[in-house]
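Below you'll find the structure, written out as structure tokens, and then a few comments.
The values are calculated or read from the model by the stated rules, or taken from the named source; none is laboratory data. Note that the structure is a prediction, hence the values are computed from the model and not measured. We place every Cβ from the backbone using ideal geometry, glycine too, and count neighbours over all the protein chains shown. Note: areas computed on protein heavy atoms with side chains; ligands, DNA, RNA excluded. Shrake-Rupley method; radii C 1.70, N 1.55, O 1.52, S 1.80 Å.
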Amino acid sequence: MTALISCEDNKSPLEKEALDKIDRLESLMKEAKGKSIDVTREETVLWFSKEFIKFANWDEANKEAIEKLFGYERYYAPNKDSLAEMLPDFERRKVIEILDNGIAELKKELSGEIKRRPVNKVDWQNTKAADNMFVNSNGKPSFPYDYFSKTVGQPLTNTDVYNDHLGALYHGGENLYEVDHDRAINSFLLNEDGTFDDEGIKKLTDIPDTNIGFLYYWDMGIPEWVEKREPEVRKGRSLFTGFDIDNPLAREVWGKIIRHTGELTKGKKVTELGYVFANEPHWYSEKDHWTYRYKEMNGISSYTLNKFRTWLKNTYKGNINELNSNWGTSFTDFDAVAIEIPMEISLRGTPKWYDWNRYHMGRTTEWFKFNQDNLHAVNPGANTHIKLFPRTFYEDSRSHGMDFEALTELTTMIGHDAKTLGDPSIRPHINSDWHKKYAYKWDGMAILHDFLESVAPDKINVNSESHFLSSGQYRKLDMRTSYIRNVYWLATLMGMDANMGWFWARDPDGSPEDRLEGDLNFFDPGLGGAYAGSNNMQPHITNEVTQVMFDLNSFSEEIIALRKQPRPLRLFYSETSAINTPDYMTQTGKLYKSLFFEGLPLGFVTKNIIEKQDNALWNTVVVYKTNYVTDAEFESLQAYLNNGGTVLLDSDKSLSMNEYGKERSKKLKAGNGKLITLKGADISKIKELALAEVADQMPEVVIESNSGEDFKTIISRVVKQENGSYLVNLLNVGHNTAKIKLSLKSGTPMTIQNLMTSVPVSSEFDLASEEVLLLEVKVKN
């Protein structure tokens, strides 16, 4: 490799400018320390500035390697040469940009123009998982942060990689696309003779017991000896689960591995953020789904088929004639039942489609219960979660086998890898119409959080691979720092307690990590194409991630207070309708978005939520385009009404059929509650009536906004504090600057202060696109 530090004569003008500004910032920091002003934020600006100057020099000296990395991403490949040529100076300019901003900010504090709250750092050694949040050693809520897939090959003790700037969560098992997973808990740890692979186990036990972290059960592969003994073991596999989860030998292997590793790691700090049972599990079983390019769910094994037959026999209480009548078949008995997987999408809405997909969800839930039961048998206090794949919830297809409610009820923590698009997709086949209204695509992340937090309001929420920075669908080299601040703030406000971003892949010398060197042949979107245009080339973005996490941690108590508010308005969610209806989530998403900007946290109810949670937690339930429900789902809504609840029913089509499409003679009755039945009203009317039912739940602080559009873009949360003041959080996700006006319902005069800067704010002000404000409103005496 070429030397990374330029000699004085060879330094570019931009590097010299950046180094001069580093000297200026260091001088201001020295002055600030002398006045007991916290400079944690500036320390991070300095660190990233120095790192990216080094990175820029490496990129300049190794243009062929950078060309190759741009070439792996088909969006950039045609211009890989020119991109590699411009990258070093782009990085230097962005370093200058963050230095300019850092200098300006600190000068304001030194002059007394602003006063910032000192940073409440994450205690990487002693933070604990409490009931529904992580808590620092100082007793305050904490939001740990780091990167998923982080500089593989570097030791966990390397402080150039594990620090306050990049995060310092220790981990095991994120080395994608390799058989020998670095510190992973995987299928290859067990030998055919029943012994364990000493070298693999040592990688796990050698993780220092100093920092908190997380462990992965990485089940992408399966040993050859298993395949030889069980030829069907890969039949019905999925992308990141490389074997049949019904295969008895695969289950035996995993049961032993989970128990052994669970015992070895019991009580270790690296498990504080939990054991992650799977990476984006999904088993789409419909024909022509996009996942079939990866040869997923290519039929089912005899084990899966026989389990399905048993499930059908139990469901139909042994009556094969009833099944035949439902399916339109003529099987002689349940042992003769056959089904083609993947299924024709034209079968959606039929009893055969419903039965398979309901069973399919149950079998995957049972698989994860098997995992958790084995872990808890030897390590009963272990926290667990699954990296749920968000699009399997908010997209329409339900052939994937994932019951988000059941899985979230099962594990001790909420787990997922929620993502957003910060800019229109780089894939031309992906619709980006959302960009006509919003600065970034926030809705998938939001609806996922509101659903999961409704199911498990008292569980910690871990995003173990946040794709806010880039993904297979989007990235933008000159990305907006305002987007980074807004999206991380919004996700945390909505429930995210910890996040590991995708991804950090620079070695300390500036070179790409080991897996990215040489010739790569990964599928797209895979690791090979992920580096180009990512935060690894974006000093301004990587710095902003840490800056917003510093601020969120410094105001962690306020964020938790804002999050703890009730969700008085709930949308009824039915997995039955989701399975049977082609556009159930599309329609649910439209109603959700129409209500999202009204200043109240939204929530969901299901049969289980109604039966298991205190119904006084909400005021009104809206049932929208939910035609198919089981009798049990129907009766849960009737019981809610009988106990005094309010239900708004969009039309007489909703709830009209059972899971098999048979008409239901029963109709909801008001009972002791209030039933509002509409006749096919549009969303605007439903919204009007729903908000009228929760009018008495609206905040005391009235927030008026005008962005010049006929739709809303301001997300607001208000909570009253013990001292009588109000916390007000405002986020603008629109393109336009919005005119904001604050007042109290009572009409009482008030004072407003920006808590981030301690600067007074008038009652009318502008909120720029993607701006975030945290305000304190006090009644004037």
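Given a cut-off of 26 Å, name the pairs among Lys235/Lys307; Lys313/Lys612; Lys235/Lys607; Lys612/Lys667; Lys235/Lys387 whose C-alpha atoms lie farther apart than that in the structure shown.
Among Lys235/Lys307; Lys313/Lys612; Lys235/Lys607; Lys612/Lys667; Lys235/Lys387, the Cα-Cα distance tops 26 Å for Lys313/Lys612; Lys235/Lys607.
Taking amide hydrogens as modeled 1.01 Å from N in the peptide plane, which residues meet the under 5 Å criterion relative to Ser758, leaving out close sequence neighbours?
Lys115
Sorted by average packing, counted as other Cβ atoms within 10 angstrom per residue and highest first, what order do 348-355, 371-378 take? Working shown, then result.
Numbers: 348-355: 19.5, 371-378: 17.8.
The packing order, highest mean first, is 348-355, 371-378.
5 Å is the cut-off here: which amide hydrogens, built 1.01 Å from N in the peptide plane, fall below it relative to Ile386, excluding neighbours closer than 5 in sequence?
For Ile386, whose amide H was placed from the backbone, the distant partners under 5 Å are Phe277, Gly415.
Once both labels are modelled 7 Å past Cα along the beta-carbon direction, what's the Ala768-Asp682 spacing in nm?
Output for this residue pair reads 3.7 nm.
Classify segment 187-288 as rounded, prolate or oblate, taking a ≥ b ≥ c as the square roots of the eigenvalues of its Cα gyration tensor: rounded when a/c is under 1.5, otherwise prolate if a/b is larger than b/c and oblate if not.
Oblate is the answer for segment 187-288, as a/c is 1.5 or above yet b/c matches or exceeds a/b.
Taking a cut-off of 13 Å between Cα atoms, list the aspartates and glutamates near Lys352, but don't count ones fewer than 8 places away on the same chain.
Glu286, Glu322, Glu340, Glu344, Glu659
Reachable aspartates and glutamates from Lys16, Cα under 16 Å, same-chain residues fewer than 8 places away excluded?
Output for Lys16: Glu8, Glu26, Glu51, Glu60, Asp89, Glu91, Glu97, Asp100.
Just the number please: accessible area per residue for the chain, 1.4 Å probe, all protein chains included, in Å².
Normalised by residue count, the accessible surface of the chain is 38 Å².
Where the centroid of each part is defined by its Cα atoms, how far is segment 461-504 from segment 346-366 in Å?
33
Find the centroid of the Cα atoms in segment 717-753 and in segment 533-557, then give the distance between the two in whole Å.
Each part reduced to its Cα centre gives a spacing of 25 Å.
Apply the Karplus curve 6.51 cos²θ - 1.76 cosθ + 1.60, θ = phi - 60°, to the phi angles in segment 322-339 and return the couplings in whole Hz, x for Gly and Pro.
Each residue's phi maps through the Karplus curve to give 5, 4, 4, 5, 5, 8, x, 10, 9, 5, 6, 7, 5, 5, 9, 4, 10, 8 Hz.
Going down the list Lys441/Lys712; Lys128/Lys266; Lys54/Lys107; Lys685/Lys720; Lys107/Lys739, which pairs span over 19 Å between their C-alpha atoms?
Pairs exceeding the cut-off: Lys54/Lys107; Lys685/Lys720; Lys107/Lys739.
With a ≥ b ≥ c the root eigenvalues of the C-alpha gyration tensor of segment 124-175, is it rounded (a/c under 1.5), prolate (a/b larger than b/c) or oblate?
Verdict is prolate for segment 124-175.
Contact order normalised by length for segment 118-251, with contacts defined as Cα pairs under 8 Å and 6 or more residues apart; what percent is it?
Relative contact order comes out at 18 percent.
Karplus couplings for segment 387-396 from phi (6.51 cos²θ - 1.76 cosθ + 1.60, θ = phi - 60°), rounded to Hz, Gly and Pro as x?
Going residue by residue, I get 7, 5, 8, x, 5, 6, 9, 8, 8, 6 Hz, with x marking Gly and Pro.
Taking every DSSP beta bridge that has both residues in the chain, what percent is antiparallel when rounded to the nearest 5?
Taking every DSSP beta bridge with both residues in the chain, the antiparallel ones total about 50 percent.
If packing is taken as the mean number of other Cβ atoms within 10 Å per residue, what is the order of 150-157, 725-732, highest first?
Ranked by mean Cβ neighbours within 10 Å, highest first: 725-732, 150-157.
Enumerate the amide H contacts of Tyr624 below 5 Å, restricted to partners 5 or more residues apart or on another chain; note that Pro and chain-start residues carry no placed amide H.
Those qualifying (amide H under 5 Å, at least 5 residues apart or on another chain) are Phe572.
Tell me which of Val95, Gly112, Ala84 sits at the most positive position along the dipole axis of segment 73-117, charges placed on C-beta atoms (Lys, Arg +1; Asp, Glu -1).
After comparing all options, I get Gly112.
Taking θ as phi - 60°, what are the ³J(HN,Hα) couplings along segment 463-471 by the Karplus curve (6.51, -1.76, 1.60), each to the nearest whole Hz, with x for Gly and Pro?
Result, ordered by residue: 9, 8, 6, 5, 9, 8, 7, 6, 6 Hz.
Please work out the Cα center distance from segment 187-248 to segment 287-311, rounded to the nearest Å.
The two parts, judged by their Cα centres, are 21 Å apart.
I'd like the carbon and sulfur percentage of the solvent accessible area for the chain, probe radius 1.4 Å, heavy atoms only, ligands and nucleic acids excluded.
Exposed carbon and sulfur together represent 47 percent of the surface.
Quick check for me: using +1 on Lys/Arg Cβ and -1 on Asp/Glu Cβ, what's the dipole size of the chain about its Cα centre, in debye to the nearest 20?
Using Cβ point charges on Lys, Arg, Asp and Glu, the chain gives about 2420 debye.
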